[in-house]
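Q: Could you have a look at this structure, given as structure tokens, before my questions?
The values are calculated or read from the model by the stated rules, or taken from the named source; none is laboratory data. Owing to the predicted nature of the structure, the values given are computational and were not obtained by experimental measurement. All Cβ positions, glycine included, derive from the backbone under ideal geometry; neighbour counts span all protein chains shown.
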Amino acid sequence: MKPTHIEHIGIAVKDLASAIRYYEEVLGLECYAVEEVKDQRVKTAFFMVGQTKIELLESTDPEGPVGKFIEKRGEGVHHIAFAVEGIEHCLEEVKEKGVTLIDAMPRRGAEGLDIAFLHPKSTFGVLTELCEDRKQQ
Ligand code: CMX
């Protein structure tokens with residue numbers, strides 16, 4: 001597999017509204033979408049920087065993945081998402097190479113992308129997401 005680019009960087013924040021203000025007023029980026037992903041128990045906000053997005057993540061449930069992350073490790077970089085082509089095949093390949101999958105099959109994530117996570121314990125401490133945009137196909 002060969003990722004085409006970094007699709008987004010996920011950043012866990014306690015308060016989405018104040019984090020949006022920082023990205024807009026200090027960094028001068030524009031928040032172009034806010035979306036709740038119920039399945040993941042998060043509310044997200046997106047900013048475009050070149051061909052990469054910043055995805056802010058506010059937890060909607062203390063027991064959800066971002067709620068637990070903030071409780072344990074505080075706010076900060078939560079995951080890196082690589083854009084790939086043929087996500088099912090990529091998952092098979094990384095599994096064969098000994099990486100632990102969180103998602104054996106892709107599921108629907110924010111912005112309608114097909115996404116799957118690799119476990120941070122087998123990716124040198126970085127929660128890694130593979131994602132594919134098949135909306136145009
Ligand atoms: N990055 C690096 N390490 C992480 C991590 C992260 N984002 N989240 C958890 N960990 C580490 C913890 O620190 C902990 O390490 P130690 O055992 O050394 O303390 C270990 O993983 C287990 O953590 P946990 O709090 O017990 O959490 P779980 O095992 O229940 O879940 C994980 C961890 C990664 C499997 C879970 O968070 C998950 O399935 N994540 C994928 C889904 C997700 O993150 N969704 C939110 C984003 C959705 C979106 O982008 O739309």
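Q: Mind listing whichever residues of the range 91-126 are over 19 Å from Glu7 (Cβ atoms), of a type in the set (A, V, I, L, M) and near the ligand (Cβ under 9 Å from one of its atoms)?
A: Across the range 91-126, there are no qualifying residues.
Q: Shifting gears a bit: Exactly one condition in (1) modelled with pLDDT of 95 or more; (2) surrounded by 16 or more Cβ atoms within 10 Å (Cβ to Cβ); (3) within 17 Å of Ile6 (Cα to Cα) is false for Cys31; which is it?
A: Exception for Cys31: condition (3).
Q: Follow-up. Got a sec? Which of Glu88, Glu129 is closer than 15 Å to Ile6 by Cα and outside any loop (DSSP other than H, G, I, E, B)? Reasoning before the result, please.
A: Numbers: Glu88 fails: closer than 15 Å to Ile6 by Cα.
Only one candidate qualifies: Glu129.
Q: Taking the range 61-85 as the search range and keeping residues that are surrounded by 16 or more Cβ atoms within 10 Å (Cβ to Cβ), without any contact (Cβ under 8 Å) to a residue 60 or more places away in the chain and more than 8 Å from the ligand (Cβ to nearest atom), which one is farthest from Asp114 (Cα to Cα)?
A: Taking the candidates together, the pick is Ile70.
Table: residues versus (1) modelled with pLDDT of 95 or more; (2) surrounded by fewer than 20 Cβ atoms within 10 Å (Cβ to Cβ).
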| residue | (1), (2) |
| --- | --- |
| Ile87 | yes, no |
| Glu92 | yes, yes |
| Arg108 | no, yes |
| Asp114 | yes, yes |
| Phe124 | yes, yes |
| Leu127 | yes, yes |
| Glu132 | yes, no |
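Q: In this structure, does Lys38 turn out to be within 13 Å of the ligand (Cβ to nearest atom), farther than 22 Å from Pro120 by Cα and within 15 Å of the chain's Cα centre (by Cα)?
A: yes
Q: Next question. With respect to the numbered conditions (1) farther than 16 Å from Gly10 by Cα; (2) within 12 Å of the chain's Cα centre (by Cα), which one is the sole condition not fulfilled by Cys131?
A: Of (1) farther than 16 Å from Gly10 by Cα; (2) within 12 Å of the chain's Cα centre (by Cα), only one is false for Cys131: (1).
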